[in-house]
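Just below is one structure, and these are the notes that go with it.
The values are calculated or read from the model by the stated rules, or taken from the named source; none is laboratory data. The model shown is predicted, which means the values in this text are computed figures rather than measured ones. Heads up, the Cβs are rebuilt from the backbone with ideal geometry, glycines too, and the neighbour counts pull from every protein chain shown. Surface accessibility is based on the protein's heavy atoms, side chains included, excluding ligands, DNA and RNA. Shrake-Rupley method; radii C 1.70, N 1.55, O 1.52, S 1.80 Å.
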Amino acid sequence: MTRPEGLPPGRASDKLLALADQHALSFDFPPEVVTEARALEDDPGLDDPELEDWTDRPFVTIDNEDSRDLDQAMDFRRRPKGGFEVAYALADAAYYVRPGTALHAEALKRGVTYYFPSFAVPMLPRVLSEGVVSLNPAVDRRAFVVVTDLDAAGRVLKTRFVRARIRSRAKLSYRGVQAWADGEESELEGKAWTDNLRLLREVGELRIKRARDADVVQVRRDEVWARVDSTGAGFEVEARRRSPVERWNEQISLLCNSEGAAFLQTPGAAPWVAPIYRIHPRPLASRLADFADLVAGVVKSHGLNAAQWGWHRDRGESLADYLEKLPAEGPQVGVADALHRQAVMVNQASEFSTEPGIHHGIGAEPYARFSSPMREMVGIYTHKEALEKLSGRPPEGWQKEDETQRVEMVALANASKKKQKRIAKEANKIVLDHLLETELGLETEHRPVRSGTVLGLTTTKIYLRFDAPRFEVKVYIRDVEEANRDRPRLELEGNGAKLTAHDGRFPEVRLGDRLQVRLRSYSDKRDRYQFEIV
């Protein structure tokens, strides 16, 4: 497989490239696709008379430091009578990736851009995804702009859609904007777009409050970033909580996606429009009841103050309000983290669908994917449908009874989502293998003792999050018992709140407890690491 630029050769990077190869992913594109992409680079369609000229507006992009495929740019204005105008510009990928072209066929084959530690296998050739389509700074680009007016409380008043030519003023990073928001970075002051950052914070906080008032659950979570080190032989791992800037930016993206879906669903003289939605059913009542029992068990097992830690459903306290009140720091933060982790398990899976429905995790109905048009084929499809509705013209060869393309696109989107999840799991295993395999060469008593927080319990395993690296591992009860045959079998109490042995010969393990373990062995037969509780 071709090695991506900047990825050093070595054992770690080679394993990741082999994983990409196992999933039949390639950095290389067929010659006809490259030819089409080069032609679009030479003639990007910026002189299109249907484009409005918005190059005077100070759009900026905010993304990770190493991002090169910039999908979105934003510009905010205060409305004269109060409230805000939010202009969210999306890369106009649907203009370049058209049905019937080699580019379109290859994007269908790939489905999405697949992400690995330190590199990505792109859905589109880099000359497009990092070049002519990407909303790079200081150059003119085509954009599909979602313009939403909000009142002073962040409620939607109206939304319109514009095909425009824009010019981003700056490529900013989450880290840099957060430093500015915290008063630690003055270089972002005094720019033409500095007010954009102030209004991003103001609008973002208003939308977060509205989501909370609508009982949208804001689960606290860590993000673990792994990357190949400079030698190519190992990995660097960083864990961090999502910053406020990322949460504000997320709210603007969610607003765009929900307003785009509403536009596609709105009845009108456009029977050729065939939307695809993202749906996320509400949690089952039985799962919510189980979580309530778990909370009660955790309160009892830890001897916590029930007024502070209890979920008061009988008084109308929503799950969102309950999780919001749990401490984010202090001696019991591990218990709070575990409850947040278990709250995630209450949810049902989300999926793409031809039928609209609630997206419970976001609090929107309907909801669609507009905000990643260069990274997801379903995003290109959704843009195409929106543009066809705006044009008032059916696509060439359209037939009312033909649903084949939409059905196939839904299947592709759902399959791609599952494949990315498998790849992420397998890549994380490669990183964890590298971090732990050197310990297996040491005598057991010389292996390091790792501390962590118990995030989940079942009758067969303990889900433990290491402090460093901040990975989750499974400590199998069977493995513990094999290493300590005189210890009795443990039982689960409080609907998952505690593992205990009634004769007292084994210390109880509670959800949210601090636990220390040491690597004992690796089982090839069971394909898992075996730990002992210290």
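Among the residues in region 487-501, are any outside any strand (DSSP E or B), touching a strand residue (DSSP E or B) at 6+ places or on another chain (Cβ under 7 Å), open to solvent by 40 Å² or more (accessible area, probe 1.4 Å) and at pLDDT 85 or above?
No, there is no match, as no residue in region 487-501 is outside any strand (DSSP E or B), touching a strand residue (DSSP E or B) at 6+ places or on another chain (Cβ under 7 Å), open to solvent by 40 Å² or more (accessible area, probe 1.4 Å) and at pLDDT 85 or above.
Among the candidates GLU317, GLU329, single out the residue that is surrounded by fewer than 19 Cβ atoms within 10 Å (Cβ to Cβ), touching a Phe, Trp or Tyr at 6+ places or on another chain (Cβ under 9 Å), over 30 Å from ALA415 (Cβ atoms) and not polar (S, T, N, Q).
Testing whether each residue is surrounded by fewer than 19 Cβ atoms within 10 Å (Cβ to Cβ), touching a Phe, Trp or Tyr at 6+ places or on another chain (Cβ under 9 Å), over 30 Å from ALA415 (Cβ atoms) and not polar (S, T, N, Q) leaves just GLU317.
Might you check whether a residue that is over 30 Å from TRP225 (Cβ atoms) and within 24 Å of the chain's Cα centre (by Cα) occurs anywhere in region 93-107?
There is at least one residue in region 93-107 that is over 30 Å from TRP225 (Cβ atoms) and within 24 Å of the chain's Cα centre (by Cα).
How many of the residues in region 118-157 are part of a loop (DSSP other than H, G, I, E, B), touching a helix residue (DSSP H, G or I) at 6+ places or on another chain (Cβ under 6 Å) and either polar (S, T, N, Q) or more than 30 Å from VAL228 (Cβ to Cβ) (or both)?
Here the count works out to 1.
Of the residues LEU255, LEU264, LEU288, which is in contact with a Pro (Cβ under 8 Å, 6 or more places away or on another chain), in a helix (DSSP H, G or I), hydrophobic (A, V, I, L, M, F, W, C) and at negative phi?
Being in contact with a Pro (Cβ under 8 Å, 6 or more places away or on another chain), in a helix (DSSP H, G or I), hydrophobic (A, V, I, L, M, F, W, C) and at negative phi holds for just one of LEU255, LEU264, LEU288, which is LEU264.
Does any residue of region 388-410 turn out to be under 20 Å from the mean Cα position of the chain (by Cα) and not small (Gly, Ala, Ser)?
yes
Looking only at region 509-534, count every residue that is surrounded by 15 or more Cβ atoms within 10 Å (Cβ to Cβ) and either at pLDDT below 80 or outside any strand (DSSP E or B) (or both) and tell me the total.
3
Looking at (1) in a loop (DSSP other than H, G, I, E, B); (2) open to solvent by less than 20 Å² (accessible area, probe 1.4 Å), which is the only condition MET74 fails?
Result: MET74 fails condition (1) only.
Would you check which residues across region 229-252 are open to solvent by 20 Å² or more (accessible area, probe 1.4 Å), in contact with a strand residue (DSSP E or B) (Cβ under 7 Å, 6 or more places away or on another chain) and under 30 Å from PHE144 (Cα atoms) and list them?
Correct list: ARG242 only.
Modelled with pLDDT of 95 or more and either open to solvent by 30 Å² or more (accessible area, probe 1.4 Å) or in a helix (DSSP H, G or I) (or both), is that true of ALA338?
Numbers: modelled with pLDDT of 95 or more: yes; either open to solvent by 30 Å² or more (accessible area, probe 1.4 Å) or in a helix (DSSP H, G or I) (or both): yes.
It is true that ALA338 is modelled with pLDDT of 95 or more and either open to solvent by 30 Å² or more (accessible area, probe 1.4 Å) or in a helix (DSSP H, G or I) (or both).
Can you tell me which residues in region 278-319 are over 18 Å from VAL346 (Cα atoms) and without any contact (Cβ under 8 Å) to a residue 60 or more places away in the chain?
VAL299, GLY303, LEU304, ASN305, ALA306, ALA307, GLN308, TRP309, ASP314, ARG315, GLY316
Just checking, does region 215-223 include any residue being open to solvent by 20 Å² or more (accessible area, probe 1.4 Å) and at pLDDT 90 or above? Spell out how you get there, then give the answer.
Here is the first cut: in region 215-223, the residues open to solvent by 20 Å² or more (accessible area, probe 1.4 Å) are 215, 217-223.
Now restrict to residues that are at pLDDT 90 or above: none.
Within region 215-223 (the criterion being open to solvent by 20 Å² or more (accessible area, probe 1.4 Å) and at pLDDT 90 or above), the answer is no, since none of the residues qualifies.
For region 56-71, what are the residues that are part of a loop (DSSP other than H, G, I, E, B), open to solvent by 10 Å² or more (accessible area, probe 1.4 Å) and under 28 Å from PRO125 (Cβ atoms)?
Applying the first criterion (part of a loop (DSSP other than H, G, I, E, B)) to region 56-71 yields 56-59, 64-71.
Filter again for open to solvent by 10 Å² or more (accessible area, probe 1.4 Å), leaving 56-58, 64-69.
Selection gives ASN64, GLU65, ASP66, SER67, ARG68, ASP69.
Can you tell me which of ALA120, ALA89 is among the small types (Gly, Ala, Ser) and at pLDDT 95 or above?
ALA89
Does ASP47 satisfy the condition of being of a type outside the set (Lys, Arg), farther than 25 Å from THR382 by Cβ, in a loop (DSSP other than H, G, I, E, B) and open to solvent by 70 Å² or more (accessible area, probe 1.4 Å)? Give the steps one after another, and end with the answer.
On the way: of a type outside the set (Lys, Arg): yes; farther than 25 Å from THR382 by Cβ: yes; in a loop (DSSP other than H, G, I, E, B): yes; open to solvent by 70 Å² or more (accessible area, probe 1.4 Å): yes.
Yes, satisfied.
Return only the number of the condition from (1) assigned to a strand (DSSP E or B); (2) modelled with pLDDT under 90; (3) not acidic (Asp, Glu) that ILE279 does not satisfy.
Evaluating ILE279 over (1) assigned to a strand (DSSP E or B); (2) modelled with pLDDT under 90; (3) not acidic (Asp, Glu) leaves (2) as the failure.
Tally the residues that are in contact with a helix residue (DSSP H, G or I) (Cβ under 7 Å, 6 or more places away or on another chain) and part of a helix (DSSP H, G or I), restricting the search to region 324-335.
Of the residues in region 324-335, 2 are in contact with a helix residue (DSSP H, G or I) (Cβ under 7 Å, 6 or more places away or on another chain) and part of a helix (DSSP H, G or I).
Is there any pair with a first residue in region 343-365 that is within 16 Å of GLN218 (Cα to Cα) and assigned to a loop (DSSP other than H, G, I, E, B) and a second that is at pLDDT 90 or above and open to solvent by 40 Å² or more (accessible area, probe 1.4 Å) whose Cβ atoms are under 6 Å apart and which are 6 or more apart or on different chains, and what are they?
Final answer for the pair search is VAL346/ARG287; GLN348/PRO281; HIS360/ARG282.
Can you tell me which residues in region 372-403 are more than 22 Å from ALA37 (Cα to Cα) and in contact with a strand residue (DSSP E or B) (Cβ under 8 Å, 6 or more places away or on another chain)?
ALA386, LEU390, listed by residue number.
Just checking, which of ASP140, ASP151 is in contact with a Gly (Cβ under 8 Å, 6 or more places away or on another chain), modelled with pLDDT of 95 or more, open to solvent by 10 Å² or more (accessible area, probe 1.4 Å) and not β-branched (Val, Ile, Thr)? Lay out the reasoning, then the answer.
Values: ASP140 fails: in contact with a Gly (Cβ under 8 Å, 6 or more places away or on another chain).
None of the others qualify; the one that does is ASP151.
Is there a residue in region 98-109 that is over 30 Å from PRO8 (Cβ atoms), open to solvent by less than 30 Å² (accessible area, probe 1.4 Å), touching a Gly at 6+ places or on another chain (Cβ under 8 Å) and of a type outside the set (Ser, Thr, Tyr)?
Checked against the condition, which is being over 30 Å from PRO8 (Cβ atoms), open to solvent by less than 30 Å² (accessible area, probe 1.4 Å), touching a Gly at 6+ places or on another chain (Cβ under 8 Å) and of a type outside the set (Ser, Thr, Tyr), region 98-109 yields no hits at all.
Evaluate region 380-395: report whether one residue or more is touching a residue at least 24 places away in the same chain (Cβ under 8 Å), touching a Ser or Thr at 6+ places or on another chain (Cβ under 7 Å) and of a type in the set (Lys, Arg).
No, every residue in region 380-395 fails to be touching a residue at least 24 places away in the same chain (Cβ under 8 Å), touching a Ser or Thr at 6+ places or on another chain (Cβ under 7 Å) and of a type in the set (Lys, Arg).
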